[in-house]
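Notes to accompany the following structure.
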Amino acid sequence: MPHANAPLTELGRLRLARCVVEDGWSLRRAADRFQVSHNTARRWAERYRSGGPAAMHDRSSRPRRSPRRTPGPLERKVLHLRIKKRWGPARIGGRLGLPTSTCHAVLRRANVSRLAHLDRATGQPIRRYEHPAPGDLIHVDIKKLGNIPDGGGWRVHGRRIGGRNSQRHPTTSRTPHRNPVIGYGYLHTALDDHSRLAYTEILTDETRETATAFWQRAHAWFTSHGITIRRVITDNGSCYRSRLWRETLTAAGITPKKTRPYRPQTNGKVERFHRTLTEEWAYARPYPSETARRAALPHWLHSYNHHRAHTALNGQPPASRVPNLSGRNS
């Protein structure tokens, strides 16, 4: 594309070239008429003769050869130190005797100039993916979350008072009894890969019956929002390896998938959602009880789906990618 101050657009170049080639104008007359130099008029006329209107486009300024580019074996050494040692350009340059700018250019070409682009466990470049339509893939996972005792836990009062609250019986008693509500809740989440639309429930366990019943409700919720589910991916938890889980999905025409063992990043979208959930809801403020925290979940979840700006969606909420989502502007 021509720059802002270019005297000729592609259409202007074509008009100039046709005046010279087809109408027989002299180069000087055409240059004066279009307010360009004699050499510019000659260049566009010659290109028109050889290539026609298609030759009026800008050509790449990239050289055909780069004899001073860093040799391939040396580039591979730079990338090896980056992946295996997680070193920065300055340290790599010091080891290999290269300028820092050269090392940075090599890392940038390989798309590993930021450590966030490398998998922490394997050191390999991260391959990010996103399915093209809602329902193509649903991520399902469970997160274990400690319940809050009545009166607040240790995050509010410290270990001494919080520990005392966790041992207190809900009814008044001189003898300390273990609070029956103290223990763990289990966040069951289904998240759409394309839109990041999320459905979450807090349940009492992670058995196959509980997980399957949750999925049936989640499936109905996604269906009510116009999303047809084709595949579901989970980790290798026992509830997801059960026959009940597999047969329930298969009966609904859904393909169950599993992550590779020891590769939680395959289910990374729902893992990241759970991290956001704990930061912005579970531990965002001091709740006086587990009941109060659970009461705040529906409001936060609605805000996440309909209003919260999502980095991976260019600052838009998940609802913006689901055209049929009812109440998306509420």
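Worth a mention:
- Apart from one condition, Trp245 fits all of (1) modelled with pLDDT of 95 or more; (2) closer than 22 Å to Gly146 by Cα; the exception is (2).
- With respect to the conditions (1) surrounded by 14 or more Cβ atoms within 10 Å (Cβ to Cβ); (2) at pLDDT below 90; (3) within 31 Å of the chain's Cα centre (by Cα), Ile142 falls short on a single one, namely (2).
- Selection of first residues in the stretch 31-49 that are closer than 13 Å to Pro7 by Cβ and of second residues that are in a loop (DSSP other than H, G, I, E, B) and polar (S, T, N, Q), restricted to Cβ pairs under 7 Å at least 6 apart or on distinct chains, gives the following pairs, ordered by first then second residue: Ala31/Ser37.
- Among the candidates Val232, Val270, residue that is within 28 Å of Gly146 (Cα to Cα) and touching a His at 6+ places or on another chain (Cβ under 6 Å): Val270
- Test: Gly123 is at positive phi and either touching a helix residue (DSSP H, G or I) at 6+ places or on another chain (Cβ under 8 Å) or modelled with pLDDT under 90 (or both): yes
- Filtered residues of the stretch 283-312 (kept if buried (at least 17 other Cβ atoms within 10 Å of the Cβ) and modelled with pLDDT under 90): Tyr287, Ser289, Glu290, His310
- Qualifying residue in the stretch 267-282 (condition: in the same structural domain as Ser195 (by TED's automatic domain parsing), touching a strand residue (DSSP E or B) at 6+ places or on another chain (Cβ under 6 Å) and more than 23 Å from Ile202 (Cβ to Cβ)): no
- Taken as a whole, the stretch 299-309 holds at least one residue that is in the same structural domain as Arg196 (by TED's automatic domain parsing), within 19 Å of Leu197 (Cβ to Cβ) and in contact with a Gly (Cβ under 7 Å, 6 or more places away or on another chain).
- Within the stretch 262-294, being among the basic types (Lys, Arg), more than 19 Å from Arg308 (Cα to Cα) and without any contact (Cβ under 8 Å) to a residue 24 or more places away in the chain holds for one residue alone: Arg263.
- Among the helices (runs of 4 or more DSSP H) confined to the stretch 1-98, the ones with at least 3 residues that are hydrophobic (A, V, I, L, M, F, W, C) and under 22 Å from Asn111 (Cα atoms) are located at 72-85, 89-96.
The values are calculated or read from the model by the stated rules, or taken from the named source; none is laboratory data. None of the values given here were measured: they were computed from a predicted structure. With ideal geometry, Cβ positions are generated from the backbone for all residues, glycine too; neighbour counts draw on all protein chains shown.
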